[in-house]
Amino acid sequence: MIAAKDRNTIRGLATKWDEFASQPVMQERKRLWKAVHDLKAERPVILVETSPIEGYVSPSELRCSDPFLRSVEQNLLDNVRHAEEVGDDIVLEPYYRIGWQLDISDYGVPVEMKPATTAQGEQSLGYSFNFPIKKPEDIRKLKKRAFSVERQKTLRSKALLEDVMGDILPIRVANYDPFSGTLGNYEWTGMFFFGLTWQIYRFIGNDGLLYWLYDAPDTIHRLMEFMYEDRLSFFEFLEREKLIEVNTDNQMAGPRSYGYVSELPAPDYGGTVTLKNLWGWAESQEATIISPTMYAEFVLPYLARLSSRFGLVYYGCCEPVDDRLELIMEAIPNLRSVSVSGWADFKKVGELLGKKYVYSRKPTPSYLSGAQPDWELVEEDMKKTYAATKDGNVEILVRDLYTIDGDRPRLSKWVDMTKSIFGI
């Protein structure tokens, strides 16, 4: 039995969501996002990721008592508040998405996340792992994972939401939930995140990633092949079980980038979604510590093989990429967008990407974080971006912003400043 308070709360937020989704500006923003990803940008598109920001939606604001509806309430409120306040190019679609609930086995070894603590004993954002593969011969402990979908459980959640708000926002189910599975072993299913070295790091740590390239190179190749096969097996499971939809709306095609683009689904798309109709997300932040030559030998071939299964590819996250971008461009013909973090050489990347790719700029979040943002550095960051991108295909995506000390207006201030710099 759904409590009246819960029902009214969800319906009120769903109504606001639908009102925003129905506004003409949403269609205009979709067009602008698509233009950037079609390499015919009219202006840069801008998006702030609000969901990770501590207190952007405070637990004390939530009214639902049912745990599932409470999580939906938080998501609805986050998006509605974002659309009301921030002034960026957020898009709300006239429907609500939930992901299939999956059952995924482990790798046969205990990958345990260990949160860091402050001097006061409080849990912080930092974390580490137990790195269960201690020596090369330990990789024999790894096992192939098994995947299954809890259809009835998922459809019950869908039915509940349809009962509560389906007449306002239709409910869709597919590869939408960005975090499913167990802690330390989750999959970014909604984004088709490759995460090969992301997982290998959790097995062997940085010491293994560095030393074994010299001391046990065959082991690194075996680990990369294992993870390639694991990811491909998972993606093909989603495809085979018909759990996926084309990620060309406001889903995350890459780290916070929307998927609007004209080239997907593929021209031969007949209604059955395959990987070729999707964006894939390749990256290797952990490989920043190795040379481009070693990256080209030990990492890139496996990323390229996975990339070939997808229609378009977004590359990168926080790694600088400028010292290996030409290798990536050559190895991944269907590359479309490249992440440009604060550690990158903005000008060099801009020259390499030109108008043939999307320059996906990630502003440095630390400048905008904390009690007192450094507005001089914030402005300089965007001015350097403007100088480096010229008339390229630019998207500017604020991610990994965790603390703003309750100062939500700084987000719209940043958006206004950035628009001014880019002449928007």
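Any read-out appearing in this document is the output of simple, stated calculations on the displayed coordinates, not a laboratory observation. These numbers were taken from a predicted model, which means no experiment stands behind them. Counting neighbours? That spans all protein chains shown, and the Cβs are built from the backbone with ideal geometry, glycine included.
Here is how the numbers come out for the structure above:
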| read-out | value |
| --- | --- |
| Residue identified as out of contact with any Gly (no Cβ under 8 Å at 6 or more places or on another chain) and within 25 Å of Val48 (Cβ to Cβ) among Tyr260, Tyr214, Tyr228 | Tyr260 |
| Subset tally (residues that are of a type outside the set (Gly, Ala, Ser) and out of contact with any Phe, Trp or Tyr (no Cβ under 9 Å at 6 or more places or on another chain)) for the range 328-345 | 4 |
| Odd one out for Ile53 among (1) among the hydrophobic types (A, V, I, L, M, F, W, C); (2) part of a loop (DSSP other than H, G, I, E, B); (3) under 19 Å from the mean Cα position of the chain (by Cα); (4) closer than 30 Å to Gln152 by Cβ | (4) |
| Yes/no for Leu377 being crowded, with 20+ Cβ neighbours inside 10 Å, of a type in the set (A, V, I, L, M) and over 30 Å from Asn277 (Cα atoms) | no |
| Within the range 234-250, tally of residues that are surrounded by fewer than 17 Cβ atoms within 10 Å (Cβ to Cβ) and either among the polar types (S, T, N, Q) or in a helix (DSSP H, G or I) (or both) | 2 |
| Pick from the range 274-299, criterion aliphatic (A, V, I, L, M) and under 16 Å from Ser341 (Cα atoms), ranking: surrounded by the most Cβ atoms within 10 Å (Cβ to Cβ) | Ala282 |
| Residue match in the range 113-121 (condition: under 30 Å from Val48 (Cβ atoms) and of a type in the set (Ser, Thr, Tyr)) | yes |
| Unmet criterion (only one of (1) touching a residue at least 60 places away in the same chain (Cβ under 8 Å); (2) farther than 21 Å from Ile168 by Cα) for Ala3 | (2) |
| Residues of the range 65-84 that turn out to be surrounded by fewer than 21 Cβ atoms within 10 Å (Cβ to Cβ) and either assigned to a loop (DSSP other than H, G, I, E, B) or in contact with a Ser or Thr (Cβ under 6 Å, 6 or more places away or on another chain) (or both), as a count | 3 |
| Those residues of the range 85-100 which are surrounded by fewer than 19 Cβ atoms within 10 Å (Cβ to Cβ), under 26 Å from Leu155 (Cα atoms) and out of contact with any strand residue (DSSP E or B) (no Cβ under 7 Å at 6 or more places or on another chain), in sequence order | Glu93, Pro94 |
| Helices (runs of 4 or more DSSP H) completely within the range 319-420 that count 3 or more residues being among the hydroxyl-bearing types (Ser, Thr, Tyr) | 375-389 |
